[in-house]
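Beneath this line is the structure, given in structure tokens, with notes to follow.
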Amino acid sequence: MLLPMVATSEPTNSGLPLRHAVYFKFKDSATDNDIQRIVDEFILLKDKIETIQSIEWGLSDSVEGLNDDFTHAFLVTFADMAGLEAYLPHPDHKAFVELLKPSLEKAFVFDYYAR
């Protein structure tokens with residue numbers, strides 16, 4: 001169900017934090033050690049990339065079984081779109097992506113302004 005947008009005189013994203021939600025489905029060949037290293041390295045990005053305000057993560061506990069085999073969720077918070085735009089091409093993010101690729105079956109990414 002779509003919720004109606006409320007018209008305001010200010011841009012709807014003015015002053016709101018930007019969330020970068022990332023979900024991973026790993027290949028069957030990914031070992032527990034591979035996955036743990038990926039989690040650890042993802043969390044370390046907070047200390048390497050200044051525009052990241054926070055990172056939290058968790059494992060799927062879907063009682064409905066609607067997670068389509070995505071097992072890991074990460075929520076990265078930025079002050080604004082400029083923070084995300086600085087993060088994506090950052091060398092430490094690119095190095096993380098290279099570490100991730102061999103173990104990743106599929107990713108789903110959803111960016112939004114927190115309300």
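The values are calculated or read from the model by the stated rules, or taken from the named source; none is laboratory data. Computed from a predicted model, the values in this text were never measured in an experiment. With ideal geometry, Cβ positions are generated from the backbone for all residues, glycine too; neighbour counts draw on all protein chains shown. Remember, those area values only see protein heavy atoms, side chains included, never the ligands or the DNA or RNA. Shrake-Rupley method; radii C 1.70, N 1.55, O 1.52, S 1.80 Å.
Here's the list of aspartates and glutamates a cross-link from residue 27 could span, going by alpha-carbon distance under 20 Å and ignoring same-chain residues fewer than 8 apart: 40, 41, 61, 68, 69, 98, 105. Full extension of the chain segment joining residue 101 with residue 64 gains 10.5 nm, where the gain is 0.36 nm per residue of separation less the Cα-Cα distance. Other residues with beta-carbon under 15 Å from the beta-carbon of residue 50 carry, at +1 per Lys or Arg and -1 per Asp or Glu, a net charge of -2. Site-free segments of the chain were taken between GluC sites (Glu not before Pro) in DSSP loops having at most 11 other Cβ atoms within 10 Å, sites themselves excluded; the longest one is 65-115. In this structure, residue 71 and residue 112 have a Cβ-Cβ separation that, at R0 = 25 Å, corresponds to a calculated FRET efficiency of about 0.70. Among the protein heavy atoms, those of residue 80 account for about 70 Å² of accessible surface (1.4 Å probe, every chain in place). Rolling a 1.4 angstrom probe over the protein heavy atoms with all chains in place gives region 61-115 an accessible area of 64 Å² per residue. Note on residue 47 and residue 19: the extension gain reaches 8.3 nm, defined as 0.36 nm multiplied by sequence separation minus the Cα-Cα distance. When 44, 75 are compared by accessible area at a 1.4 angstrom probe, the order from most to least is 44, 75. Cross-link partners of residue 46 among lysines, defined as those whose alpha carbon lies under 21 angstrom from its own and excluding same-chain residues fewer than eight positions apart: 94, 101.
Here's the list of aspartates and glutamates a cross-link from residue 48 could span, going by alpha-carbon distance under 12 Å and ignoring same-chain residues fewer than 8 apart: 92.
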